[in-house]
1. Can you tell me which of 364, 409, 404, 430 is of a type in the set (Gly, Ala, Ser) and over 23 Å from residue 250 (Cα atoms)?
2. Select, from 106, 74, 113, 97, the only residue that is in a strand (DSSP E or B), charged (D, E, K, R) and not assigned by TED's automatic domain parsing to the domain that holds residue 427.
3. Quick one: which strands (runs of 3 or more DSSP E) sit completely within the range 352-405 and have at least 1 residues that are closer than 14 Å to residue 243 by Cα?
4. Looking at (1) touching a residue at least 12 places away in the same chain (Cβ under 8 Å); (2) under 18 Å from residue 25 (Cα atoms), which one does residue 178 not meet, given that it meets all the others?
5. Regarding residue 126, is this residue buried (at least 20 other Cβ atoms within 10 Å of the Cβ) and either in a helix (DSSP H, G or I) or not assigned by TED's automatic domain parsing to the domain that holds residue 190 (or both)?
6. Restricting attention to the range 228-287, which residues are in contact (Cβ under 8 Å) with a residue 60 or more places away in the chain, among the β-branched types (Val, Ile, Thr) and crowded, with 16+ Cβ neighbours inside 10 Å?
7. Quickly run through the range 249-261 and pick out the residues that are part of a loop (DSSP other than H, G, I, E, B) and either at pLDDT below 85 or small (Gly, Ala, Ser) (or both).
8. Among the residues of the range 382-416, how many are without any contact (Cβ under 8 Å) to a residue 40 or more places away in the chain and under 20 Å from the mean Cα position of the chain (by Cα)?
Amino acid sequence: MKKHLAYFTGVVWLAALTVGAAPFEPGLVAQIHFAGGAAVAADPNSGVLKNLWASPEALALRGQTLKKLSLSLDGWLRRQVAPTLTAPVSLAPLLEDLGQSEWQLDLHQPTADTVELALAVRLDNTRAQAWQTTLAPVLQTWKMTSPQHHGYLTRNGTWLLLTLGNSPAPKPAGVITDLKGNWLAAEMDWGRLAVWYPEWRKLDLPKTRLEVVGRNGNFEVNGKLFLAQPLPALGPWQFPTNTIHSPFVSFTAARGISSWLRQQPWAVAIGLQSLPDQVFTWALPEPGGQSAAMMPICQAYAAVPMAAAPTELPKLERSLTAALHDGPPDSAYQKFNVQEVNHQAVVTGMPFLAPYLEADREASGEFLVGGFFPNPPRGKVAPPELFARLGEPGLVFYHWEITSERMKSFPPLYQSLLVGTRHYQLDAASAAGKWLEHLTPTLGPTVTQGFATAPNEITFSRKAPAGLTSLELVALASWLEAPNFPGCDLRMPVPKPRRHAPPPGGAAAPFILH
């Protein structure tokens, strides 16, 4: 078991790079502290990881991921850091150490044009010597390319300290935080990180702090979001009682979103009289019988409270049409059109789907309701437990799903959206596809909650058998299989005109979980 858990932590390391927390130290971009695979394996609660990362499918994905990452880092080192090096740099063993050993990464940006990285790894003498042998020529070559470049490898007891940067006074590694029994602790300033990943700036993600540990058969995640803009005054939930009906396999509610929407250029450009402050999404179980052939992937919906919804619908229809057609002539979006009939806007031309928006009136007010397929006839009303949960003071976000059931319908929907927008689908025969296929039947309920604990602060928690929701699991799998991993460019090349018929051959198998 310990050996298997050591293997999975290479992927945990990759996942850790995507999470973070609100930095309190000036200039801190990110700090990530991982307890190490050995320490996690020794925890009595490590059984939560057995099915997630110790299966043959997980080990195959882990091996593929580490190989890709090692090759990518080696190429980057020899192109950008040490261009005079001719021999490959064997980084795979070092990545294995990051999976097995305790480490802390600190990334600083002291000024707009300087960056510092400090990595502390707890290693025995043999592995520390291997790191020094591997990285010494790289550091020496890099420092020779500019007098401002610095790179050091030092030992401090059981810790190997790596410091890289281009500022006159580098901040050394060595100040190790207390994990307090957690497996992972992280802090991230997403705005600063957008210097390297500009696309993240569009999301306007808040500074984040979180901690992760295994407990009672689940991953438990606890943290805080530090908002750039204070939350608006929280009004009562405006629930679309007649539109949302059970049974469902997922439900999400959020409020206080208007301040965030006001910072988004795309939301402001629509020209709505007022931006919505709440949103609800839900998904129904997979249908059985003959209806399964007609609606196997489309029963996901959203509702937004909006005053004068029938008046605002044409604005959304025009904005959606402009977004679809504002691109190159060969864009797949050019094939889609929006038609408005009887207070309903329907997107036509999309394979397998018929997305729509409609204005609806209920006792609680007017709503814009949308989905990927018409909402089926009304079922049972939402359970009283749901209203009781939404009644908790300060609740601003709630998400619940039966992850195994959601994974039966969400990946096909996701695949349809990818193929409709000319992006690579996730191949069921890929390492990540097989991993999801194996994992799905074992996943139980996932619950995420967020409470406003200060005007600019949301305290959140999650309990989940895999630590991630169905959406996040499929997104992670797609990223790990991206052609340019560790990048995430899933765009398919624009086809060139052919004079002859293409050679015979099959496309990637669609990823459907049952």
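1. On the way: 364 fails: over 23 Å from residue 250 (Cα atoms); 409 fails: over 23 Å from residue 250 (Cα atoms); 404 fails: over 23 Å from residue 250 (Cα atoms).
When all the criteria are applied, what remains is 430.
2. Working: 74 fails: in a strand (DSSP E or B); 113 fails: in a strand (DSSP E or B); 97 fails: in a strand (DSSP E or B).
106 is the lone residue from the list that is in a strand (DSSP E or B), charged (D, E, K, R) and not assigned by TED's automatic domain parsing to the domain that holds residue 427.
3. Working: elements: 356-362, 365-371, 395-402.
Result: 356-362, 365-371.
4. Unmet condition: (1).
5. Values: buried (at least 20 other Cβ atoms within 10 Å of the Cβ): no; either in a helix (DSSP H, G or I) or not assigned by TED's automatic domain parsing to the domain that holds residue 190 (or both): yes.
No: the conditions fail for residue 126.
6. 243, 244, 249, 252 - these are the residues of the range 228-287 that are in contact (Cβ under 8 Å) with a residue 60 or more places away in the chain, among the β-branched types (Val, Ile, Thr) and crowded, with 16+ Cβ neighbours inside 10 Å.
7. From the range 249-261, those part of a loop (DSSP other than H, G, I, E, B) are 249, 256-257; that's our starting set.
Matches in the range 249-261: 256 only.
8. 0
The values are calculated or read from the model by the stated rules, or taken from the named source; none is laboratory data. Just so it is clear, the structure is predicted and the values come from calculations on it, not from any experiment. FYI the Cβ positions are ideal-geometry reconstructions off the backbone, even for glycines, and counts take in every protein chain you see.
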